[in-house]
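Q: Right, I'll just put the structure down here and ask away after.
The values are calculated or read from the model by the stated rules, or taken from the named source; none is laboratory data. In this text the structure is predicted, and so the values were computed from the model without any measurement. Glycine also receives a Cβ, built like all others from the backbone with ideal geometry; neighbour counts cover every protein chain displayed. We work out accessible area using only protein heavy atoms, side chains counted, and drop any ligands, DNA or RNA first. Shrake-Rupley method; radii C 1.70, N 1.55, O 1.52, S 1.80 Å.
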Amino acid sequence: MGRASTKQNKTQYQILREELGLTRERASETLGWISQERIEKIESEKSLPHPDEVLAMSVAYKSPGLCNYYCANVCPIGQQ
């Protein structure tokens, strides 16, 4: 069983996952091809997500706005 997050400055990816009550393990199972470890790296900002990962998360987390968030905050093209 996963540990509850105590991080104060959660990323949008983590907030959306937790709002659905998904653990990283369950999110990984739902996504099917993104590992728990990869989700942790994205949420802890140790690694930037790839566009296909963001798209998959936006569908799984029922949040189409996640793509806009990514484009505005992560994608170098969107930041210009």
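Q: I'd like the full set of residues that are closer than 22 Å to residue 26 by Cα and free of Cβ contacts under 8 Å to residues at least 40 places away in the same chain, limited to the stretch 55-69.
A: Matches in the stretch 55-69: 55, 56, 58, 59, 60, 64, 65, 67.
Q: Then there's this: Looking at (1) touching a helix residue (DSSP H, G or I) at 6+ places or on another chain (Cβ under 8 Å); (2) not in a loop (DSSP other than H, G, I, E, B), which one does residue 47 not meet, given that it meets all the others?
A: Among (1) touching a helix residue (DSSP H, G or I) at 6+ places or on another chain (Cβ under 8 Å); (2) not in a loop (DSSP other than H, G, I, E, B), the lone unmet condition for residue 47 is (2).
Q: Further, regarding this structure: Does at least one position in the stretch 33-46 carry a residue that is modelled with pLDDT of 95 or more, surrounded by fewer than 19 Cβ atoms within 10 Å (Cβ to Cβ) and more than 21 Å from residue 21 (Cα to Cα)?
A: Checked the stretch 33-46: at least one residue is modelled with pLDDT of 95 or more, surrounded by fewer than 19 Cβ atoms within 10 Å (Cβ to Cβ) and more than 21 Å from residue 21 (Cα to Cα).
Q: Next question, about the same structure. Tell me, which residue of the stretch 61-80 that is aliphatic (A, V, I, L, M), over 10 Å from the mean Cα position of the chain (by Cα) and assigned to a helix (DSSP H, G or I) is surrounded by the fewest Cβ atoms within 10 Å (Cβ to Cβ)?
A: If we take residues in the stretch 61-80 being aliphatic (A, V, I, L, M), over 10 Å from the mean Cα position of the chain (by Cα) and assigned to a helix (DSSP H, G or I), then 77 is surrounded by the fewest Cβ atoms within 10 Å (Cβ to Cβ).
Q: Could I ask something else about it? Kindly evaluate residue 53 against the criterion of being within 10 Å of the chain's Cα centre (by Cα) and open to solvent by 30 Å² or more (accessible area, probe 1.4 Å).
A: Values: within 10 Å of the chain's Cα centre (by Cα): yes; open to solvent by 30 Å² or more (accessible area, probe 1.4 Å): no.
Spelling it out, it is not the case that residue 53 is within 10 Å of the chain's Cα centre (by Cα) and open to solvent by 30 Å² or more (accessible area, probe 1.4 Å).
Q: Inside the stretch 24-58, can you point out the residues that are closer than 18 Å to residue 75 by Cβ and of a type in the set (A, V, I, L, M)?
A: Within the stretch 24-58, 42, 48, 54, 55, 56, 57 meet the criteria.
Q: Those residues that are open to solvent by less than 60 Å² (accessible area, probe 1.4 Å), outside any loop (DSSP other than H, G, I, E, B) and not polar (S, T, N, Q), I need them from the stretch 19-32; list them, please. Lay out the reasoning, then the answer.
A: Filtering the stretch 19-32 for residues open to solvent by less than 60 Å² (accessible area, probe 1.4 Å) gives 22, 27-28, 31.
Within this subset, residues satisfying the condition of being outside any loop (DSSP other than H, G, I, E, B) are 27-28, 31.
If the condition is that a residue be open to solvent by less than 60 Å² (accessible area, probe 1.4 Å), outside any loop (DSSP other than H, G, I, E, B) and not polar (S, T, N, Q), then 27, 31 are the ones that fit.
Q: While we're looking at this one, here's another question. Would you pick out the residues in the stretch 33-44 that are in a loop (DSSP other than H, G, I, E, B) and among the polar types (S, T, N, Q)?
A: Listed by number, the residues that qualify are 35, 44.
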